Amino acid sequence: MSFMEVLMIIIPSTLLWAAPLVFTALGGVFSERSGVVNIGLEGLMWIGAFSSIVFNLTFVHVFGNWTPWISLLAAMVAGGLFAILHAVASITFRADHTVSGVAINLLASGITLFLVKYIYGKGETDIIQKGFSKIDIPVLKDIPVIGKLFFQDTYWTSYLAIVVAFIAWYIIYKTPFGLRLRSCGEHPMAADTMGINVTKMRYLGVIISGMLGGIGGGVYAEAISSNFSHATISGQGFMALAAMIFGKWHPLGAMGAAIFFGFAQSISIIGSSLPLLKNIPDVYLLIAPYVLTILALTGFIGRAEAPKADGVHYIKGSR
């Protein structure tokens, strides 16, 4: 197997596995830039994955080939609504952000598995008929070398994730909304003095986080697992959280880190077909993404500085 053939396997697979992490990590950036710690990203992915699959199975005969995309919208709405629970607990009632995030994770896994059992009478849903499939991009696929690596046998969702990352960067760093959002995460008292509604901005940050986390779960379910069960989301939300920290709470940094973790995940799946990795026991390849997540966090968390007011409750009029 030539080096080019190896890359043609690794790159599309990396982009496939990275897309859900990119969406979810971007969601974490919005939340924490507003000043709300959100370790409930895993739970938001659970909600998104469940909602997208159930919507897909229910309405596939109505929407046809558009079903996967509309299912993503359903996942986005469900994730945004579910994130309101975290916002109410951590912003309005000033609960500890970490405790609230843990509760979101536990509640999401519990309620989705209960509903799957209740609706389908078993521990998993059926396989969806219409999911995201591999495509070749016309014209671009004919570009020498690059075309074969990046524009053949890949998914629209992979490109969408990268585009959304640049949009998120523009919103956060180039718009008045982004400036207000960041000010609430850095110095909410100063933001309040300038007439910014800190509570409103933080709510918006958390809701956007939920929407993007829901999309991340939906992309994973419809492009990778094709159904929903107890093992559909198994640590991807925490990888996205690690990617956000590894990327220093910056949209493009989070995207790059998510692609790195996507590469680790893809290697665990396709490693046995690659010449250099085929002799490595499968168990080592399967645990590699989680080991790399731990190493990334322990190696960089001390160097990456979160927004100064991240996780700090703001009480209007207090000092």
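The values are calculated or read from the model by the stated rules, or taken from the named source; none is laboratory data. Since we're looking at a predicted model, the values are computed, not measured. Don't worry about glycine lacking a Cβ; one is built from the backbone with ideal geometry, like all the others, and counts go over all protein chains shown.
Mind checking whether some residue in the stretch 50-66 is more than 26 Å from Gln129 (Cβ to Cβ), surrounded by fewer than 24 Cβ atoms within 10 Å (Cβ to Cβ) and without any contact (Cβ under 8 Å) to a residue 12 or more places away in the chain?
no
If you take the residues of the stretch 1-25 that are free of Cβ contacts under 8 Å to residues at least 24 places away in the same chain and in a helix (DSSP H, G or I), which of them is nearest to the chain's Cα centre (by Cα)?
Glu5
Count, please, the residues in the stretch 50-83 that happen to be of a type in the set (A, V, I, L, M) and within 12 Å of Met211 (Cα to Cα).
9
Which fully enclosed helices (runs of 4 or more DSSP H) of the stretch 62-163 have 3 or more residues being at negative phi and aromatic (Phe, Trp, Tyr)?
97-120
Which of the helices (runs of 4 or more DSSP H) contained wholly in the stretch 228-319 include at least 1 residues that are more than 27 Å from Gly79 (Cα to Cα)?
Hits in the stretch 228-319: 251-270, 282-300.
Taking into account only those residues within the stretch 188-227 that are part of a helix (DSSP H, G or I) and hydroxyl-bearing (Ser, Thr, Tyr), which is nearest to Gly123 (Cα to Cα)?
It comes out as Ser225.
Lys200 passes all but one of (1) modelled with pLDDT of 95 or more; (2) surrounded by fewer than 19 Cβ atoms within 10 Å (Cβ to Cβ); (3) within 25 Å of Val116 (Cβ to Cβ); (4) not aliphatic (A, V, I, L, M); which number fails?
Condition not satisfied by Lys200: (3).
For every residue, the table says whether it meets (1) on the phi > 0 side of the Ramachandran plot; (2) modelled with pLDDT under 95; (3) surrounded by fewer than 18 Cβ atoms within 10 Å (Cβ to Cβ).
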residue	(1), (2), (3)
Leu212	no, no, no
Phe228	no, no, no
Ala254	no, no, no
Phe261	no, yes, no
Gln265	no, yes, no
Ile280	no, yes, yes
Leu292	no, yes, no
Glu305	no, yes, yes
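Tell me which residues, restricted to the stretch 77-94, are among the aliphatic types (A, V, I, L, M), surrounded by fewer than 23 Cβ atoms within 10 Å (Cβ to Cβ) and farther than 10 Å from Ile104 by Cβ.
Within the stretch 77-94, Val77, Leu81, Ile84, Val88 qualify.
Which of the residues that make up the stretch 166-187 are part of a helix (DSSP H, G or I) and either among the hydrophobic types (A, V, I, L, M, F, W, C) or farther than 20 Å from Gly27 by Cα (or both)?
Passing the criteria: Phe166, Ile167, Ala168, Trp169, Ile171, Ile172, Phe177, Leu179, Leu181, Cys184.
Within the stretch 147-180, work out how many residues are without any contact (Cβ under 8 Å) to a residue 12 or more places away in the chain, surrounded by 12 or more Cβ atoms within 10 Å (Cβ to Cβ) and either of a type in the set (Lys, Arg) or more than 30 Å from Glu32 (Cα to Cα) (or both).
Of the residues in the stretch 147-180, 1 are without any contact (Cβ under 8 Å) to a residue 12 or more places away in the chain, surrounded by 12 or more Cβ atoms within 10 Å (Cβ to Cβ) and either of a type in the set (Lys, Arg) or more than 30 Å from Glu32 (Cα to Cα) (or both).
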